[in-house]
1. How many angstrom lie between the C-alpha centres of segment 1-45 and segment 218-285?
2. Taking R0 as 22 Å, what's the FRET efficiency between Ala87 and Met1 from their Cβ-Cβ distance, rounded to 0.05?
3. Rounded, prolate or oblate: which one fits segment 253-340, using the alpha carbon gyration tensor with axes a ≥ b ≥ c (rounded when a/c is under 1.5, else prolate when a/b beats b/c, else oblate)?
4. Please list, or write none, the aspartates and glutamates whose alpha carbon is within less than 16 Å of the alpha carbon of Lys28, excluding same-chain residues fewer than 8 places away.
5. Starting from the Cα of Thr324, step 7 Å along the direction of its Cβ; do the same at Asp15; then give the gap between the two resulting points in nm.
6. How far, in nm, would the chain grow between Gln102 and His343 when pulled straight, counting 0.36 nm per residue and subtracting the alpha carbon separation?
7. What's the magnitude of the charge dipole for the chain around its Cα centre, counting Lys and Arg as +1 and Asp and Glu as -1 at the beta-carbon? Answer in Debye, nearest 20.
8. Among Met26, Val67, Ile41, whose Cα lies farthest out toward the positive end of the dipole of segment 1-144, if unit charges sit on the beta carbon of Lys, Arg (+1) and Asp, Glu (-1)?
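Just so you know, all these numbers are worked out from the coordinates, no wet-lab data involved. Nothing here was measured: the structure is a model prediction, and the numbers come from that model. A quick note on method: Cβ atoms are made from the backbone with ideal geometry, for glycine too, and the neighbour counts reach across all protein chains shown.
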Amino acid sequence: MRALRYYGANDIRLDDIPEPEPGPGMIKVAVEAAGICGSDIHEYKSGPISTPVQAPHPLTGEQTPIVLGHEFCGTVVAVGEGVERIAVGQQVAANAALWCGQCPPCLEGSTNVCQSIGFHGVSGGGGAFAAFDVIHERNAHVIPDSVLPSVGALLEPLATAIHAVKMAELHPGDHTVVFGAGPIGLMVLSVLSAMGLESIIAVEPGASRAAAATRCGATTVIDPFTEDVRTRIAEITGGGRVGASFDAAAAPDSLHVAIDITGVHGRVINIAAWERGVEFNPTSLLFREVSLHGSLAYTSKDFDDAVAHAATRAETLAGMITSTIALDDVITAGFDRLAYDKHDEIKVLVRP
Ligand SMILES: [Zn+2]
Ligand SMILES: [Zn+2]
């Protein structure tokens with residue numbers, strides 16, 4: 001079968017590789033839809049960042065070239081020995097996280113910060129930009145038939161957003177601010193909206209993303225290129241507390257503003273992967289005891305919560321899908337376009 005494999009920066013290839021078959025505890029999935037992630041584009045333009053190049057990844061035993069594709073949904077077509085929970089014919093979305101299950105964070109249930117953390121479709125072990133993929137049974141989440149495969153492919157980034165919102169420990173009546181309305185920022189907005197929060201502010205300069213932010217539940221969208229964000233937020237909140245700011249933009253200004261506008265004991269949640277460092281004065285955290293948190297991926301529980309969220313907000317989520325392309329076009333219409341073209345894309349799906 002054909003599969004998109006990563007070799008290095010600006011070097012991805014559609015290769016012919018053997019169709020994978022499920023070993024014990026594994027399931028084989030016919031991929032219905034697979035999303036291209038912002039991290040895939042970082043890896044393509046500026047990598048290798050997360051792909052194992054020098055040595056095999058400890059959990060997959062593989063190194064580049066590796067098959068890409070970690071946000072996906074498909075139909076189970078075969079199961080390996082000992083698989084009991086998943087059956088042929090079921091529609092599943094894949095939890096892409098790989099964890100060891102034995103290190104101290106794993107034993108505490110924080111599998112998303114496993115000391116050997118890896119991601120299927122990034123760290124080897126298979127990937128979804130191919131007709132078939134094989135994953136561990138524990139990584140498969142059954143999704144209702146009423147959830148379209150295209151929406152099923154959004155569950156992985158949605159689980160990331162759900163984890164980030166849990167980290168914020170919001171209080172009723174809090175204002176919230178989301179910087180950046182790319183896929184993750186939009187999903188955070190959708191999750192905040194489902195919580196019933198009344199004041200959800202998005203900061204986003206792009207017109208199409210700003211419109212998407214409103215569809216996903218933002219109650220106000222501020223354009224940081226034409227408005228003073230600090231002043232606007234002060235007007236909107238009228239002295240009320242910003243309980244959390246979410247940085248899904250990775251722009252130096254967004255981090256500075258996020259720290260300044262977050263209220264007493266509020267949290268700044270960094271979800272973005274930054275390509276370079278940013279200077280800030282930690283004193284800015286002191287006077288309101290604001291804390292800065294990193295939020296990485298998700299646990300299995302977060303993924304289950306994503307399945308439940310998608311069942312009720314499928315239409316909102318589907319609105320983020322701006323293009324669906326064939327595997328044959330994944331390099332030109334997918335990676336090259338997202339990396340190097342001016343575009344209005346939010347989420348591009350591949351149908352292998
Ligand atoms: Zn991703
Ligand atoms: Zn572990």
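1. With segment 1-45 and segment 218-285 each reduced to a Cα centre, they are spaced 35 Å.
2. 0.45
3. oblate
4. Glu19, Glu71, Glu81, Glu84, Asp133, Glu137
5. That separation, rounded to one decimal, is 2.9 nm.
6. Contour length minus the Cα-Cα distance gives 82.4 nm.
7. 320
8. Ile41
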